[in-house]
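J.: I am attaching a structure below and will ask some questions about it afterwards.
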2 protein chains.
Amino acid sequence: MGNHMVNRRHLFGLAGAGGAALAVPGLLTMPAHAAAPQPPAAWPTEFVEVTPSVEGDIAWYDVSHWGVEGKGWSDTAAYYDRLPAKAEGVVTPEVWVRSRNSSGLLTRFVTDSTIFRARYRLSLATVAMYHMPAIGHSGVDLYARTPAGQDAWLANTHPAAQNVDQQMGIAVDPGERLYTAYLPLYNSPQRLEIGVRAGAKFLGAAPRTTPPAVFYGSSIMQGGVASRPGMSITALLGRRFDVPTVNLGFSGNARMEPEIAELLTELDASVYVVDSSPNMNPQQIAERAEPFVRILRAARPDTPIVLVEDRRYGDGQFVEFRRTRNAQNAAALRTAYTNLRRSGVRGLSYLSADKLPGPEELVDGSHPSDLGMATYADAYEKVLRPILKRRGH
Amino acid sequence: MGNHMVNRRHLFGLAGAGGAALAVPGLLTMPAHAAAPQPPAAWPTEFVEVTPSVEGDIAWYDVSHWGVEGKGWSDTAAYYDRLPAKAEGVVTPEVWVRSRNSSGLLTRFVTDSTIFRARYRLSLATVAMYHMPAIGHSGVDLYARTPAGQDAWLANTHPAAQNVDQQMGIAVDPGERLYTAYLPLYNSPQRLEIGVRAGAKFLGAAPRTTPPAVFYGSSIMQGGVASRPGMSITALLGRRFDVPTVNLGFSGNARMEPEIAELLTELDASVYVVDSSPNMNPQQIAERAEPFVRILRAARPDTPIVLVEDRRYGDGQFVEFRRTRNAQNAAALRTAYTNLRRSGVRGLSYLSADKLPGPEELVDGSHPSDLGMATYADAYEKVLRPILKRRGH
C-alpha cells in the first residue's frame, strides 16, 4: 500500500453497518435480454480512500494504493508479481519469469464516473502471441456489477505497444457501481493507473481476505490463450463462485517441483487445484505427484486438493504420440491419486480429461479458446462447488 | 484452374461407382474420447490429379490447380478474391478491399502423407489485430476427416510475417484421409501451396458444385474475431451441415447496398442469410432492407432468405446508446420483415438477437470469441436445419 492511502475503513455492511455509507444503487432499468433481477449481492465491505493525481479532466488512481486481489504474497519484488521475492533462485528461472506476469490479479473500485481509462507501461514489449490476441495477453478487462449482483463485461484496453493509455469503452449510464479490472495474462503493468472523470467519487475496494481458491498449473491455467483477461479459468471461477482466487499458472513450467509445493503451503487456501500435467511427462508425474500432494497435506491437513488430468491434445485422433502421452499422463496421475487415497490421504478429488475441452475448443491443439476456457470452468465448477460449499462459500 | 491439372474425373461414388477407386480407409483405432463411430460419410465424388513441384523431401501442390470451395464467382481478379472482377467500382471501395480477404474459402485434398506444410505469401503485411490472433487473421487451419465421417481439427499455421512457410502440426498416423484447409479470415494468400511428403499419394478434391448456403454480413460474418479460420460462422455451419458455403462478410461495410443484392442474385444459393445490421443504423435498415430482399426475391423466387437481427453490444447493460441502437436496429429489421411478409413475400425467416451471443461471449463488446461463434452457429443451425432439409440437404 502506498502513502496515498488516506484512510481505510469499513464503509459498507451487509445490513448497513459500518461508517459513512455510499448509496447502494437501486435497480436500474434492465435491458430486455438481461437476467431476471436477483437480490443485490454483497459488495465488498471494506473500501479505501485514495488520493488521485488529477491531470486535466482525468483523476488517475494508482492501483497499488489500494491493492490487487489474487496475490498470494504481499512481499513481492514488483507489485504485480505473483510469487514472493524470496522465491527468486528457489523456483526455476523459467517459473520465476512467468511469476512476474500479472495473470489472475484483479482490482476493484467503486465510482460514479461514467468514463474509464487505463494507463500503464508493460514490463514486456511483446503484447500478443500468434494464438493469443493483445487484449488477452496484455490488456486490462473491465467488468461492472449489475444491480442484480453479477459482474458483467464492460470494456477493455486494446494494447498496441508497451505503453498503454486508453479509454476503455464509451461513457456508461450515470450511477455508482462496483467495477472489477482484470490484469494482463501474459505480461504485467509496471505501474497501473485507473483514470476516471475528475471530481467523480472513487473508492478502492480492499482485496478480499477470505481464503482464496489456489490454482497451480500450466500455460492453460495462466490464461493461454483466452481472448481477454476476464476469460481465464480463475477469472471465470472467481465470478461464478464470487470468491478470491490465486492463479499460479506458469506457462510451460508447471512441473510439481517440491519448492512449489512448499510455497503453496504458505497460503491459507480454501482449496488447492493442481493442474500441471500438460507440462509434465509420465515419469515426472509418477515421481512427483505423490510427494507434491504429501507436502501440501502435511502442512494443510484440512485443505481440499483437486488433481486434474492432462487435457487431451487436439490432434490426438490422428497422432499416436499424442494419444500415448495423454493416456500415460492420465494413468500416472490416476495411480498417484489412488496410492494417496489408499495410504490414507483425505480430501482429494480428481477431475478426468473426459470433462475437459475437445479438439474444437482449442486454438492450436493445446491451448483453449474462450470456448475451451468455458468448458474448463464448467468442469472445475462441478468439482469445486461441493468443496467450496463445505468450506462455507 | 491451372495447366497443372492433368486429369479431372470421378474417382469416387457413394456406391463404388466411378473410375479408378482410392481405397476407402477402414475404421482406424479410435481414441477413447472420440465420438461413437458412425457410417462413413460420403467423400467428395470428384478428385483432381495435380502435378506437384518437388523440392527435396516435399511435394508442393498449388491450390489454384484444383480449386477452393466458397468462391461465389470464378472470374475473380485474384484467385482468392470473393467478389468477381467486375464488382470493382460497382461495390464501394471498402467492400472491394474486404472482398479480397479469403474468408470462407477452403480447399480439400486426399493424401496418405503424414506431414503437411503450407507455403504462402500474404497480400497484407498485418497478420493480427488487437482482438484477433494471427492464426485466425492470417492462418491456414487444417482439418482431417475421421473414419466416422467428421471433419476434426488437426493443425494450423502460426503466421508471424507476410511470408509463411511452416509445417502444420506433427506427423500423423499412417493412412489415407480427406483433409480440409480453411484459408485466412482477414488476409489472403497471393498463392497457396500445400506441401506433403514427396512420393505420397495426393489428389485435389474438386469444390462441391451443389448450391451453397450464402451468407452476407459484417465483420462478424467475415470471421472477426475467431481464433482460427475453422471457427468462423460459415466454417462451423459448413461442417455441421456438410454443405458448401459462401462467405460474403465485409468487415464494417455490410450496408445492404442494392448492387450487393444484384450480385447475390447471380448465385444459385440453397439459402440467403442476411446479417448486416451490425454495420447499419436504424434509418439505413428502414430504407434498405425491404428493397434488398425484394431484389433477391424477384430474381430468386424460391430461395429461402433469413434475416438476422443485430447482435446486442456487450456493454449494453450499462450504455444507453448501445441499448437504443440495438433496439432501434431490431425494430427496423422486424418492421421490414413484417412488411415483406404482409406484402406476400414468401420464404422469409427471422433470427432474433435473443439467440445470439451475450456479453461474456464477445471479445471487445462487438465481436464474438470462439465461444460467441459457437453460439452464433447454434442459433443459425436451428433456423437453417429445416430450411436446408426442405432443400434436400
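J.: Since B:ARG239 meets every condition but one in (1) touching a Gly at 6+ places or on another chain (Cβ under 9 Å); (2) surrounded by fewer than 23 Cβ atoms within 10 Å (Cβ to Cβ); (3) under 24 Å from B:SER99 (Cβ atoms); (4) more than 14 Å from chain A (Cβ to nearest Cβ), which condition does it not meet?
T.: Of everything listed in (1) touching a Gly at 6+ places or on another chain (Cβ under 9 Å); (2) surrounded by fewer than 23 Cβ atoms within 10 Å (Cβ to Cβ); (3) under 24 Å from B:SER99 (Cβ atoms); (4) more than 14 Å from chain A (Cβ to nearest Cβ), B:ARG239 misses just condition (4).
J.: Scanning the stretch A:152-178 for residues that are farther than 26 Å from A:HIS131 by Cβ and facing another protein chain (nearest Cβ under 10 Å), which turns out nearest to the chain's Cα centre (by Cα)? Break it down stepwise before answering.
T.: Restricting attention to the stretch A:152-178, the residues satisfying the condition of being farther than 26 Å from A:HIS131 by Cβ are A:152, A:165, A:167, A:170-178.
Checking which are facing another protein chain (nearest Cβ under 10 Å) leaves us with A:152, A:170-175, A:177.
Working: A:ALA152: 16, A:ILE170: 25, A:ALA171: 27, A:VAL172: 25, A:ASP173: 28, A:PRO174: 29, A:GLY175: 27, A:ARG177: 21 Å.
Residue satisfying both the conditions and the ranking: A:ALA152.
Let's see how each residue does on (1) out of contact with any Leu (no Cβ under 7 Å at 6 or more places or on another chain); (2) of a type in the set (A, V, I, L, M); (3) touching a residue at least 12 places away in the same chain (Cβ under 8 Å):
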{"site": "B:ILE135", "(1), (2), (3)": "yes, yes, yes"}
{"site": "B:SER138", "(1), (2), (3)": "no, no, yes"}
{"site": "B:ASN156", "(1), (2), (3)": "no, no, yes"}
{"site": "B:GLN166", "(1), (2), (3)": "yes, no, yes"}
{"site": "B:GLY169", "(1), (2), (3)": "no, no, yes"}
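J.: Hey, does the stretch B:296-304 have a residue that's farther than 30 Å from B:ASP151 by Cβ, surrounded by fewer than 22 Cβ atoms within 10 Å (Cβ to Cβ), more than 14 Å from chain A (Cβ to nearest Cβ) and touching a Pro at 6+ places or on another chain (Cβ under 9 Å)?
T.: There is no residue in the stretch B:296-304 that is farther than 30 Å from B:ASP151 by Cβ, surrounded by fewer than 22 Cβ atoms within 10 Å (Cβ to Cβ), more than 14 Å from chain A (Cβ to nearest Cβ) and touching a Pro at 6+ places or on another chain (Cβ under 9 Å).
J.: More than 30 Å from B:HIS158 (Cα to Cα), assigned to a helix (DSSP H, G or I), aliphatic (A, V, I, L, M) and open to solvent by 10 Å² or more (accessible area, probe 1.4 Å): is that true of B:ALA331 in this structure? So that I can check it myself, show each step before the final result.
T.: Values: more than 30 Å from B:HIS158 (Cα to Cα): yes; assigned to a helix (DSSP H, G or I): yes; aliphatic (A, V, I, L, M): yes; open to solvent by 10 Å² or more (accessible area, probe 1.4 Å): yes.
Answer is yes for this residue.
J.: Please go through the stretch A:265-292 and pick out each residue that is surrounded by 23 or more Cβ atoms within 10 Å (Cβ to Cβ), part of a helix (DSSP H, G or I) and of a type in the set (A, V, I, L, M).
T.: A:ILE285, A:ALA289, listed by residue number.
J.: Given the structure, is A:VAL110 farther than 20 Å from A:SER64 by Cβ, at pLDDT 95 or above and either surrounded by 22 or more Cβ atoms within 10 Å (Cβ to Cβ) or more than 14 Å from every other protein chain (Cβ to nearest Cβ) (or both)?
T.: Details: farther than 20 Å from A:SER64 by Cβ: no; at pLDDT 95 or above: yes; either surrounded by 22 or more Cβ atoms within 10 Å (Cβ to Cβ) or more than 14 Å from every other protein chain (Cβ to nearest Cβ) (or both): yes.
The answer is no for A:VAL110.
J.: To continue, here is another question. If a residue has to be open to solvent by less than 10 Å² (accessible area, probe 1.4 Å) and touching a Pro at 6+ places or on another chain (Cβ under 8 Å) to count, how many in the stretch B:83-106 make the cut?
T.: The total comes to 2.
J.: Checking A:GLY252 against (1) buried (at least 23 other Cβ atoms within 10 Å of the Cβ); (2) assigned by TED's automatic domain parsing to the domain that holds A:GLU361: exactly one of these is not met. Which one?
T.: Failing condition for A:GLY252: (1).
J.: Can you name the condition, by its number, that B:ARG197 falls short on among (1) facing chain A (nearest Cβ under 10 Å); (2) on the phi < 0 side of the Ramachandran plot?
T.: Unmet for B:ARG197, out of (1) facing chain A (nearest Cβ under 10 Å); (2) on the phi < 0 side of the Ramachandran plot: (1).
J.: OK, next. Could you tell me whether the stretch A:212-225 includes any residue that is crowded, with 24+ Cβ neighbours inside 10 Å, at the interface with chain B (Cβ under 9 Å from one of its Cβ atoms) and farther than 17 Å from A:LEU83 by Cα?
T.: So far as the stretch A:212-225 goes, yes, one or more of its residues are crowded, with 24+ Cβ neighbours inside 10 Å, at the interface with chain B (Cβ under 9 Å from one of its Cβ atoms) and farther than 17 Å from A:LEU83 by Cα.
J.: Only one residue in A:SER349, A:SER270, A:SER277 is of a type in the set (Ser, Thr, Tyr), away from every other protein chain (no Cβ under 14 Å) and touching a residue at least 60 places away in the same chain (Cβ under 8 Å), so which one is that?
T.: Values: A:SER349 fails: touching a residue at least 60 places away in the same chain (Cβ under 8 Å); A:SER277 fails: touching a residue at least 60 places away in the same chain (Cβ under 8 Å).
Answer to the check: A:SER270.
J.: Being among the aliphatic types (A, V, I, L, M) and either more than 8 Å from chain A (Cβ to nearest Cβ) or open to solvent by 10 Å² or more (accessible area, probe 1.4 Å) (or both) is the filter here, so list the residues in the stretch B:120-136 that pass it. Steps first, please.
T.: First, the residues of the stretch B:120-136 that are among the aliphatic types (A, V, I, L, M): B:122, B:124-125, B:127-129, B:132, B:134-135.
Within the stretch B:120-136, B:LEU122, B:LEU124, B:ALA125, B:VAL127, B:ALA128, B:MET129 qualify.
J.: Applying the selection to the stretch B:376-389, what residues are surrounded by 19 or more Cβ atoms within 10 Å (Cβ to Cβ) and closer than 21 Å to A:PRO357 by Cβ?
T.: Result: B:TYR376, B:ALA377.
J.: Considering the stretch A:336-362 alone, what residues qualify as being farther than 17 Å from A:ASP275 by Cβ and outside any loop (DSSP other than H, G, I, E, B)?
T.: A:THR338, A:ASN339, A:ARG341, A:ARG342, A:PRO359, A:GLU360, listed by residue number.
J.: Looking at A:ASP242, is it under 16 Å from the mean Cα position of the chain (by Cα), among the acidic types (Asp, Glu) and farther than 20 Å from B:GLY372 by Cα?
T.: Values: under 16 Å from the mean Cα position of the chain (by Cα): yes; among the acidic types (Asp, Glu): yes; farther than 20 Å from B:GLY372 by Cα: yes.
Yes, satisfied.
J.: A:GLY175 is checked against (1) more than 19 Å from A:ASN247 (Cα to Cα); (2) touching a strand residue (DSSP E or B) at 6+ places or on another chain (Cβ under 8 Å) and fails just one. What number does that condition carry?
T.: (2)
The values are calculated or read from the model by the stated rules, or taken from the named source; none is laboratory data. If you're wondering where the values come from, they're calculated on a predicted model, not measured in any experiment. Methodologically, a virtual Cβ is constructed for each residue, glycine included, from the backbone with ideal geometry; neighbour enumeration extends over all protein chains shown. All accessible areas refer to the heavy atoms of the entire protein, side chains included, with ligands and DNA or RNA removed. Shrake-Rupley method; radii C 1.70, N 1.55, O 1.52, S 1.80 Å.
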